[in-house]
1. Find the lysine pairs in the range 67-158 meeting two conditions, Cα atoms under 12 Å apart and a separation of 8 or more places or different chains, and report how many there are.
2. For a quick protection proxy, order the peptides 99-111, 82-94 by their average other-Cβ count within 10 Å, most packed first.
3. Take each of the peptides 122-133, 69-80, average the number of other beta-carbon atoms within 10 Å over its residues, and list them starting from the highest.
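Where a number appears in this text, it was derived from the coordinates with a stated rule and is not lab data. Here the structure is a predicted model, which is why all the values come from computation and not from measurement. When we count neighbours, we look across all protein chains shown, and the Cβ atoms used for this are built from the backbone with ideal geometry, even at glycine.
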Amino acid sequence: MVRCLKKLGLFIIMSICIYISTNDIKEESISFMNYQKEKIGMQKREDKLELEIPELDFKRLVKTGTVDKIDDSFATLLKGNQKNKVIAGHNIDLVFHALHNIKIGMRLQFNDHGEKKEYQVEQILTVHPYEAYYLDETEKDQLTLITCTEQDQKRLVVICKRI
């Protein structure tokens, strides 16, 4: 009887684990499908926002949003500034993980609603999340890229001047 209960308990635990992992896979598949669907829609637009770093073989579509509404699946151009274009994104493969390989002097291209603008990396900083001065408006045209670093304890900030 005890052996039978042990086998039944093991069966129940395994069934629960299989159910949970299957649901996780299903959720990830749906999420990836939504990402692909949204990406295809964005690619078709002529006035799309797109960031490219040729030396890193990096090309990403960019959405618009706010500091409070950064998209989980895409880099997000934060609304507000005219000269300091700030793009934030999560430190994941499909978004901004490649920023950790960027170097001073590298060139970037930003397709801003059909207008291609070229920038060059001028500064790379690691700051605390509460240090938000890099979000401020600037006098000169610049592109500021932000992602998480050091297990989400700090922010990697890449400041690029327009050339």
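1. 4
2. 82-94, 99-111
3. 69-80, 122-133
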